[in-house]
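Enquirer: Please find one structure pasted underneath; my questions will follow.
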Amino acid sequence: MRRAVHVFLLIVATLMLLNRLFPPPLEKFLAERAQGSTIVLDKNGVPLRAFADARGVWRYPITLEQASPLYLQSLLNYEDRWFFRHPGVNPAAMLRAVA
């Protein structure tokens, strides 16, 4: 069992190192997601009509400053409360999933 854990940790460490050295090209993915829905405004900035994006999804891009701090905190608590304490993959969660 100890050997299996060592092999697993070595594989995880190798994958993390490779991800740091050769990150995947995310520019195209981020460019697609950044477009969002089209919103038509009047001359005073009041929304008149909104249109879904090319895939039929309603996306309204906002900045981090525009999002409610309570929403961001609840999202992090729900998704991954250790988000700021690990390097992108939570090793404890990985070990828990293997077990």
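The values are calculated or read from the model by the stated rules, or taken from the named source; none is laboratory data. Just so it is clear, the structure is predicted and the values come from calculations on it, not from any experiment. FYI the Cβ positions are ideal-geometry reconstructions off the backbone, even for glycines, and counts take in every protein chain you see. Heads up: the accessible areas ignore ligands, DNA and RNA and are worked out on the full protein's heavy atoms, side chains in. Shrake-Rupley method; radii C 1.70, N 1.55, O 1.52, S 1.80 Å.
Enquirer: If I ask for residues that are at pLDDT 85 or above and under 18 Å from the mean Cα position of the chain (by Cα), which ones from the stretch 14-57 would you list?
Expert: Met16, Asn19, Arg20
Enquirer: Do we find that Val12 is aliphatic (A, V, I, L, M) and in contact (Cβ under 8 Å) with a residue 40 or more places away in the chain in this structure? Please lay out each step first, then the result.
Expert: Values: aliphatic (A, V, I, L, M): yes; in contact (Cβ under 8 Å) with a residue 40 or more places away in the chain: yes.
Taking the combined requirement at face value, the residue satisfies it.
Enquirer: Now for a separate question. Restricting to the stretch 34-70, name every residue that is of a type in the set (Phe, Trp, Tyr) and closer than 30 Å to Arg81 by Cβ.
Expert: Once the filter is applied, which keeps residues that are of a type in the set (Phe, Trp, Tyr) and closer than 30 Å to Arg81 by Cβ, the stretch 34-70 yields Trp58, Tyr60.
Enquirer: Which pairs turn up if I take residues in the stretch 73-99 that are on the phi < 0 side of the Ramachandran plot and look for partners that are open to solvent by 80 Å² or more (accessible area, probe 1.4 Å) with beta carbon separation below 6 Å, at least 6 apart in sequence or on another chain?
Expert: Partner pairs satisfying both residue conditions: Leu76/Phe83; Asn90/Trp82.
Enquirer: Also, quick follow-up: Find the residue count for the stretch 71-99, including only residues that are part of a loop (DSSP other than H, G, I, E, B) and either touching a strand residue (DSSP E or B) at 6+ places or on another chain (Cβ under 6 Å) or not hydrophobic (A, V, I, L, M, F, W, C) (or both).
Expert: Of the residues in that region, 6 qualify.
Enquirer: Any residue in the stretch 75-82 that is among the charged types (D, E, K, R) and open to solvent by less than 80 Å² (accessible area, probe 1.4 Å)?
Expert: yes
Enquirer: If you don't mind, another one. Any residue at all in the stretch 26-46 that's of a type outside the set (D, E, K, R), assigned to a helix (DSSP H, G or I), on the phi < 0 side of the Ramachandran plot and open to solvent by less than 80 Å² (accessible area, probe 1.4 Å)?
Expert: We begin by selecting, within the stretch 26-46, every residue of a type outside the set (D, E, K, R); these are 26, 29-31, 34-41, 44-46.
Filter again for assigned to a helix (DSSP H, G or I), leaving 29-31, 34.
Next cut, on the phi < 0 side of the Ramachandran plot only: 29-31, 34.
Still in the running and open to solvent by less than 80 Å² (accessible area, probe 1.4 Å): 31, 34.
Yes, because at least one residue in the stretch 26-46 is of a type outside the set (D, E, K, R), assigned to a helix (DSSP H, G or I), on the phi < 0 side of the Ramachandran plot and open to solvent by less than 80 Å² (accessible area, probe 1.4 Å).
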